[in-house]
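To start, the structure itself, in structure tokens.
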Amino acid sequence: MDSYLIEVNGHDDHGDHAMLDVHLKTNGNSIPPGKAKGRKPRWAVRASEMSKKTFNPVRAIVDSMKVEPNPKKAMISLSLGDPTVFGNLPTNSEVTRAVKEVLDSGRCNGYAPSVGYQSCREAVAAFYTCPEAPLEAQDVILTSGCSQAIELALAVLANPGQNILVPRPGFSLYKTLALSMGIEVKLYNLLPEKAWEIDLKHLESLVDEKTACLIVNNPSNPCGSVFSKRHLQKILAVASRQCVPILADEIYGDMVFDDCKFEPIATLSTNVPILSCGGLAKRWLVPGWRMGWILIHDRRDIFGNEIRDGLVRLSQRILGPCTLVQGALERILHRTPPEFYHNTLSILKSNADLCYTALSAIPGLRPVRPAGAMYIMVEIEMEHFPEFENDVEFTERLISEQSVFCLPATCFEYPNFFRVVITVPEEMILEACSRIQEFCEMHYQGAEGAQDLECDK
């Protein structure tokens with residue numbers, strides 16, 4: 001027979017009547033007050049603390065740019081890092097055929113293991129393994145896009161109250177994810193005058209006893225930079241001295257121009273454990289297919305079973321990525337013809353060269369030449385555009401006057417630059433650069449003119 005205990009807590013501050021906080025207990029289990037007999041439940045639905053801490057700086061800035069494009073000029077958007085938008089960069093027919101055949105077969109309509117089908121993990125391991133950084137199926141976790149790979153890697157490496165080291169300028173998702181998890185973000189500087197290499201002294205100065213990991217994004221979004229082998233070795237030396245693991249965002253891996261070489265950071269590491277995040281999105285031009293992966297590089301067994309088991313448990317939260325794409329993965333990785341990659345890079349390199357050359361000739365702008373990925377960062381010499389307070393105002397007016405939309409680099413924690421996406425058709429790149437030139441010529445002030453305008457304010 002059940003026994004009941006009534007707990008009464010609290011008193012009315014006015015002293016006349018006791019305010020009762022009643023909890024019924026049956027065999028030690030508390031019955032909430034709202035369920036107690038005679039008490040009327042009330043709605044009290046609130047957003048979680050995690051949702052309140054989730055903040056996307058790109059959306060916050062872009063959504064606040066309440067500006068209409070020039071109705072006399074067609075809009076040219078150079079803001080979204082999606083290579084599929086304009087249709088000029090389709091994926092390869094072998095890639096789509098692989099998915100069609102899986103769909104028709106009906107063999108991948110059910111649940112897969114949360115970490116991915118074993119055969120698919122083997123295919124990814126076989127594609128990326130090399131003597132310097134060997135991989136087996138157990139070293140691969142399949143995820144719903146590279147974004148989820150980054151999320152899982154952060155979640156397994158860092159606890160609330162710890163901090164992570166993030167590049168500035170850098171992909172805004174790192175901060176969005178970390179803050180939502182209660183993880184502090186420390187920004188280390190990249191150096192535009194050194195082709196966006198890391199300021200290693202600044203990086204190392206940020207490390208403390210609460211540092212959980214270092215994020216290295218190479219090739220870079222938003223910079224389009226590619227680190228040399230020597231620079232990567234210096235980064236690893238810092239991580240080794242400080243005993244800090246690396247989260248390597250390598251979604252643009254091998255998406256580098258022909259005068260440069262991509263070195264996966266794990267191939268250069270002798271003792272630093274690395275979680276390398278990648279996926280199909282960019283190199284195979286299918287970001288909407290949401291297929292990513294984490295590659296676990298831990299030859300000194302520093303992660304041990306704990307990190308691996310943690311990743312498996314975290315992957316069980318959404319039960320893995322799309323099974324149709326998984327079923328096609330081995331064929332996509334191993335049968336996509338090399339000329340597809342070459343053609344894509346040829347288009348990107350041509351656009352990058354056109355854009356860099358055109359913008360370099362515009363007074364007041366200083367583009368930094370990219371070596372890969374899909375972006376160019378452009379410095380605005382703000383002293384020559386004194387009517388604008390910052391890069392956000394500059395890019396807002398560029399939209400309203402010229403209908404060209406570039407992302408202000410404040411989105412990437414790096415004011416007074418803007419980012420240009422180079423995946424658009426060539427004629428659109430040329431038209432956009434022509435309009436940017438017209439805009440700058442309209443607003444550019446030489447040293448004397450800028451000084452006079454400042455005096456007038």
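The values are calculated or read from the model by the stated rules, or taken from the named source; none is laboratory data. These numbers were taken from a predicted model, which means no experiment stands behind them. Glycine gets a Cβ as well: all are built from the backbone with ideal geometry, and neighbour counts include every protein chain shown. The area values use the complete protein model at the heavy-atom level, side chains included, leaving out ligands, DNA and RNA. Shrake-Rupley method; radii C 1.70, N 1.55, O 1.52, S 1.80 Å.
Segment GLU49..ARG300, full-extension length gain: 86.6 nm, with 0.36 nm per residue of separation and the alpha-carbon distance subtracted. Dipole magnitude for the stretch 77-178: about 300 debye, using +1 per Lys or Arg Cβ and -1 per Asp or Glu Cβ, origin at the Cα centre.
Remark: the chain carries a charge dipole of roughly 1720 debye about the Cα centre, counting +1 on each Lys and Arg Cβ and -1 on each Asp and Glu Cβ. A straight line joining the Cα centroids of the stretch 190-246 and the stretch 271-321 runs 20 Å. Within the accessible area of the stretch 94-335, what % is carbon and sulfur when the probe is 1.4 Å and the other protein chains stay in place? That share works out to 48 percent. Label sites at ALA74 and ASP104, each approximated as a point 7 angstrom past Cα along Cα to Cβ, lie 3.6 nm apart. Using a 1.4 Å probe and ignoring any ligands, DNA or RNA, find the accessible area of GLU438 and quote it in Å² to the nearest 10. Near enough 90 Å² of accessible area.
Think of it as helices only: each DSSP H run of n ≥ 4 in the chain is worth -39500 (n - 2.57), and spread over all residues that comes to -11000 deg cm²/dmol at 222 nm. Modelled label positions at GLU339 and GLU132, each set 7 Å beyond Cα in the direction of Cβ, lie 3.0 nm from each other.
Scaled to the globular estimate 2.2 N^0.38 Å, the Cα spread of the stretch 94-335, given as radius of gyration, is 0.98.
Along the charge dipole of the stretch 191-273, Cβ charges K/R +1 and D/E -1, which of ASN217, VAL256, ILE235 sits furthest on the positive end? Positive-end residue among those listed: ILE235. With both residues required to sit in the chain, DSSP beta bridges show an antiparallel share near 65%. Listed by chain and number, the lysines whose alpha-carbon sits under 25 Å from that of LYS40, ignoring those within fewer than 8 places in the same chain, are LYS25. Per residue, the stretch 94-335 exposes 40 Å² of accessible surface when a 1.4 Å probe is rolled over the protein heavy atoms with every protein chain present. Report the residues of the stretch 295-309 in range of a label on ASN271: point 7 Å along Cα→C-beta, backbone N strictly under 18 Å from it. Those under the cut-off are 297-304.
The distance from the alpha carbon centre of the stretch 400-427 to that of the stretch 75-120 is 27 Å, rounded to a whole number. Across the chain, C-alpha contacts under 8 Å between residues 6 or more apart give a mean separation that, scaled by the residue count, equals a relative contact order of 20 percent.
For the cross-link pairs LYS282/LYS349; LYS194/LYS234; LYS66/LYS175; LYS194/LYS229; LYS100/LYS282, the ones whose C-alpha atoms lie over 22 Å apart are LYS66/LYS175.
Calculate the dipole size of the stretch 94-335 relative to its Cα centre from +1 charges on Lys and Arg beta carbons and -1 charges on Asp and Glu beta carbons; express the result in debye to the nearest 20.
260
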